[in-house]
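This report refers to the structure that appears directly beneath it.
Nothing in this text is a laboratory measurement; each read-out follows from the coordinates by a stated rule. Fair warning: this is a prediction, and the values are worked out from it, not measured in the lab. Quick reminder, even Gly has a Cβ in these numbers, built from the backbone with ideal geometry, and neighbours come from all protein chains shown.
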Amino acid sequence: MIRLLICFVVATAIGTGCSSKFNSKEDIAALLNENPEIISEVIEKNPEKIMLAIRNAAKTERKIREKIRVEEEKKKLEQAYLNPLQPEIKEDTLIRGDKKAPIILVVYCDFECPYCQRAFNTVTELRKKYENKIQVIYKHLPLSFHKNAMLIAKYYEAIGMQSAEMAFKFHDSVYNGTAKLKQNADSFLQDIIKSLNLDMDKLKRDLDSEKVKMKIKVDISEAKKFKINGTPGFILNGIPVKGAYPVDHFEGIIKELIKRGKLKI
């Protein structure tokens, strides 16, 4: 963009196009070093043309970058269909839905991430749409700058050691009360926990247990292995989705998996 702008300035100054005389950076640099006043004079005389040239060059550059980005994403997606990722799902993994459901959605989230709130709504819609055909596994990627994210992740896992259903209720309650979480996290979390009728002594022991800490550590390591560095992140039947995409994006992947014979629902 800068080279195009300089070319415009030089062309305007000498009254011609960018001729072969100035077809290299060295030629242009030499001209401007010898005549530095060219740039200021041309800008002063042609402010509107200069600004238009800058805007057009920036617009063109954005289009080129977007085209490159889209092509790169297509290539990555095709590779994912050919070589799907395989998140670890253990016997004690908390699974929401039918464990034999053909659609397997793994979610890497941070309970304080605003984009994960969008992801929560998206997953809720997918669960309603596909009902017993989808299973959801919540995994953890608490970000360091969210001060309560790790604690909430630990609560989720510790509650899950008593009841998967209570863990899911806790999960939903946190996302349905993000405003309260921001206002007073401690009070808000304690209110949720009290409503679940848990064994509080066991919860306290499990909260800081090595099992809970290791579970979260493994989730974080797995996310990094899959190059999911921010939240939310998803793995849908082996296909990675990085970001808070809408429902139709996930539906498109499901349709493509069906088309390729990799999914039957």
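Whole Å is fine, so just give me how far the alpha carbon centre of the stretch 207-259 lies from that of the stretch 54-73.
Cα centroid to Cα centroid, the span is 29 Å.
For the chain, state the semi-axes of the equivalent ellipsoid (square roots of 5 times the eigenvalues of the alpha-carbon gyration tensor), sorted largest first and rounded to whole angstrom.
Equivalent-ellipsoid dimensions as semi-axes: 54, 24, 16 Å.
Between LYS182 and GLU48, how high is the FRET efficiency from 1/(1 + (r/R0)^6) when r is the Cβ-Cβ distance and R₀ = 41 Å? Nearest 0.05. Please list the in-between numbers first.
Values: r = 47 Å, r/R0 = 1.14.
Step by step, r from the Cβ atoms, then E = 0.30.
Between SER163 and GLU78, what's the calculated FRET efficiency when r is the beta-carbon distance and R0 is 45 Å? Round to 0.05.
So, using R0 = 45 Å, E works out to roughly 0.65.
Roughly how far apart, in whole Å, are the Cα centres of the stretch 95-133 and the stretch 157-193?
17
Over 18 Å between Cα atoms, which of LYS100/LYS133; LYS99/LYS259; LYS169/LYS215; LYS59/LYS242; LYS169/LYS213 qualify?
Working: LYS100/LYS133 8 Å; LYS99/LYS259 23 Å; LYS169/LYS215 20 Å; LYS59/LYS242 26 Å; LYS169/LYS213 21 Å.
Long pairs (Cα-Cα over 18 Å): LYS99/LYS259; LYS169/LYS215; LYS59/LYS242; LYS169/LYS213.
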